[in-house]
Structures are given as structure tokens and as C-alpha cells.
Amino acid sequence: MSETMHKEIELLRDCDAVRIPQGTTLHLTKGSRVIITQSLGGSYTVATDTGHLVRISGENADALGFEADGTPKKEKQHGIEVEEAKIWDVLRTCYDPEIPVNIVDLGLIYDCAIERREDAGARVSVKMTLTAPGCGMGPTLAAEASSKIEALDGVDEADVELVWDPAWNQSMISEEGKMKLGMI
């Protein structure tokens with residue numbers, strides 16, 4: 001476990017966060033005290049001094065005193081073949097803010113299709129579900145997955161659609177995910 005986990009930190013600047021599980025935006029002010037409960041995939045789940053559980057994106061990591069995830073944008077290469085394995089790899093960097101397992105190993109990704117286009121980069125379509133249909137974090141997780149896919153060379157467009165059929169259940173968690181959760 002990282003030294004920063006469960007350590008109280010004072011925010012160095014104002015930043016926005018997403019309330020868990022509602023998915024609504026909450027503005028945090030400089031000097032607010034938070035406790036990091038999870039730091040995976042470039043984002044941070046923190047408990048605020050007002051009792052809220054929120055997700056702070058990597059681009060706001062500097063508010064917590066860490067390097068901002070604003071990794072320099074590199075020139076994307078177009079006209080190259082997109083490997084499906086790279087899409088699955090990047091999806092493994094997206095985490096549920098309450099569960100320390102990535103969305104692939106949680107069994108939340110149902111389908112990944114690549115449409116190769118001659119006149120443009122590839123279009124990637126992903127079907128994704130959530131552990132609970134009422135979770136407000138769905139749009140946030142879908143947007144993060146879409147953004148990370150679109151950053152891949154050869155991809156011009158990514159569409160991550162939230163679907164509810166079949167309904168998610170724990171048997172969809174991979175063996176690796178079950179091990180991380182202490183289920184086996």
C-alpha cells in the first residue's frame with residue numbers, strides 16, 4: 001500500500017471532483033482536508049472533511065500535491081493499424097472509484113469492436129455496464145474510457161455505450177479480479 005493511502009492531505013488549490021456514487025460535480029476548496037482511499041488508473045478516490053466520497057481526476061492531481069496527469073499530448077499517428085489488445089490494455093487502466101479492480105477484470109466490458117476506415121482513423125465501439133444500474137458514476141467511467149481509447153494512435157473516435165443486458169453479476173469478475181477482492 002502506498003504511503004499516501006489513508007493519509008490526510010490538505011488541498012493545495014480549488015478543484016472539482018465527482019461525488020460517488022451520485023456522479024454529480026462537487027467543488028472542493030483550497031485548504032479542505034481529504035483522505036485518499038484509492039489511487040488507481042490516474043485518478044484518486046478521496047473522503048472529504050464534509051463526509052463525501054469523491055473522485056478527483058488525474059489532471060487535478062496537483063491539488064493533492066502530486067504530479068498532474070496532464071501528460072503532454074503527443075502527436076497522434078494516423079493511418080496505422082489499431083490493435084484490439086491495446087484497446088483492452090487501456091481499458092484496464094480505468095477503475096471503479098469504489099472497487100480496486102479495473103473495469104475489464106470487474107467484467108464490466110461486454111464488447112469491443114473496431115471499425116477500420118480508409119479515409120480516417122478507426123472508430124472504436126465499446127459496450128460497458130456497471131455493477132449497479134443506479135450508479136451515477138456511469139457517465140464518468142464511460143467518458144474516461146472513451147478519452148483513453150481516443151488517445152491511442154490510429155483511433156479517431158471512441159463510443160462507450162452503457163448497456164444493462166445482461167445484468168452484471170459477480171460471476172463476471174475475472175480470476176485476477178476475484179483474487180484482488182479476496183473472493184478466492
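The values are calculated or read from the model by the stated rules, or taken from the named source; none is laboratory data. Note that the structure is a prediction, hence the values are computed from the model and not measured. FYI the Cβ positions are ideal-geometry reconstructions off the backbone, even for glycines, and counts take in every protein chain you see. Note: accessible area is taken over every heavy atom of the protein model, side chains too, but ligands, DNA and RNA are not part of it. Shrake-Rupley method; radii C 1.70, N 1.55, O 1.52, S 1.80 Å.
Within the range 150-176, count every residue that is assigned to a helix (DSSP H, G or I), at pLDDT 95 or above and either open to solvent by less than 70 Å² (accessible area, probe 1.4 Å) or more than 15 Å from V101 (Cβ to Cβ) (or both).
1
Go through the range 20-43 and count every residue that is under 13 Å from S57 (Cα atoms) and polar (S, T, N, Q).
Number of matching residues: 4.
Looking at the range 129-149, can you tell me whether even one residue there is part of a strand (DSSP E or B), on the phi < 0 side of the Ramachandran plot and crowded, with 16+ Cβ neighbours inside 10 Å?
The answer is no; no qualifying residue exists.
Return yes when I9 is within 23 Å of C135 (Cα to Cα), modelled with pLDDT of 90 or more and surrounded by 15 or more Cβ atoms within 10 Å (Cβ to Cβ) and no when it is not.
So I9 does not fit the description; no.
Within the set of pairs 6 or more residues apart or between chains, which connect a residue that is in contact (Cβ under 8 Å) with a residue 40 or more places away in the chain inside the range 143-160 to a residue that is open to solvent by 60 Å² or more (accessible area, probe 1.4 Å) and not in a strand (DSSP E or B) with Cβ atoms less than 7 Å apart?
L152/K86; D153/Q77; D153/I80; G154/Q77; G154/H78; G154/I80; G154/E81
Give the number of residues within the range 172-182 that are touching a residue at least 12 places away in the same chain (Cβ under 8 Å) and more than 17 Å from L40 (Cβ to Cβ).
Residues in the range 172-182 being touching a residue at least 12 places away in the same chain (Cβ under 8 Å) and more than 17 Å from L40 (Cβ to Cβ): 1 in total.
I'd like the residue in the range 109-128 that is charged (D, E, K, R) and surrounded by 15 or more Cβ atoms within 10 Å (Cβ to Cβ) and, out of all such residues, is farthest from D153 (Cα to Cα). If you could, list the steps in order and put the result at the bottom.
Keep residues of the range 109-128 that are charged (D, E, K, R), which gives 111, 115-119, 123, 127.
Still in the list and also surrounded by 15 or more Cβ atoms within 10 Å (Cβ to Cβ): 123, 127.
Details: R123: 12, K127: 21 Å.
Looking at residues that are charged (D, E, K, R) and surrounded by 15 or more Cβ atoms within 10 Å (Cβ to Cβ), I get K127.
Every residue, every condition in (1) part of a loop (DSSP other than H, G, I, E, B); (2) among the polar types (S, T, N, Q); (3) within 18 Å of the chain's Cα centre (by Cα); (4) modelled with pLDDT under 95, yes or no:
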| site | (1), (2), (3), (4) |
| --- | --- |
| T37 | no, yes, yes, yes |
| E67 | yes, no, yes, yes |
| K74 | yes, no, no, yes |
| E81 | yes, no, no, yes |
| V104 | yes, no, yes, no |
| G107 | yes, no, yes, no |
| Y110 | no, no, yes, no |
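For E59, work out the one condition from (1) in a loop (DSSP other than H, G, I, E, B); (2) without any contact (Cβ under 8 Å) to a residue 12 or more places away in the chain it doesn't fulfil.
In the conditions (1) in a loop (DSSP other than H, G, I, E, B); (2) without any contact (Cβ under 8 Å) to a residue 12 or more places away in the chain, E59 misses (1) alone.
On the basis of being more than 28 Å from H6 (Cβ to Cβ), in contact (Cβ under 8 Å) with a residue 60 or more places away in the chain and surrounded by 13 or more Cβ atoms within 10 Å (Cβ to Cβ), does V101 make the cut?
no
Find all pairs meeting these conditions: Cβ atoms under 8 angstrom apart; at least six residues apart or on different chains; first residue within the range 32-52 and in contact (Cβ under 8 Å) with a residue 60 or more places away in the chain and closer than 29 Å to V104 by Cβ; second residue assigned to a loop (DSSP other than H, G, I, E, B) and hydroxyl-bearing (S, T, Y).
G41/T93; S43/S57
Of all residues in the range 27-59, count the ones that are open to solvent by less than 40 Å² (accessible area, probe 1.4 Å) and touching a strand residue (DSSP E or B) at 6+ places or on another chain (Cβ under 7 Å).
Result for the range 27-59: 17.
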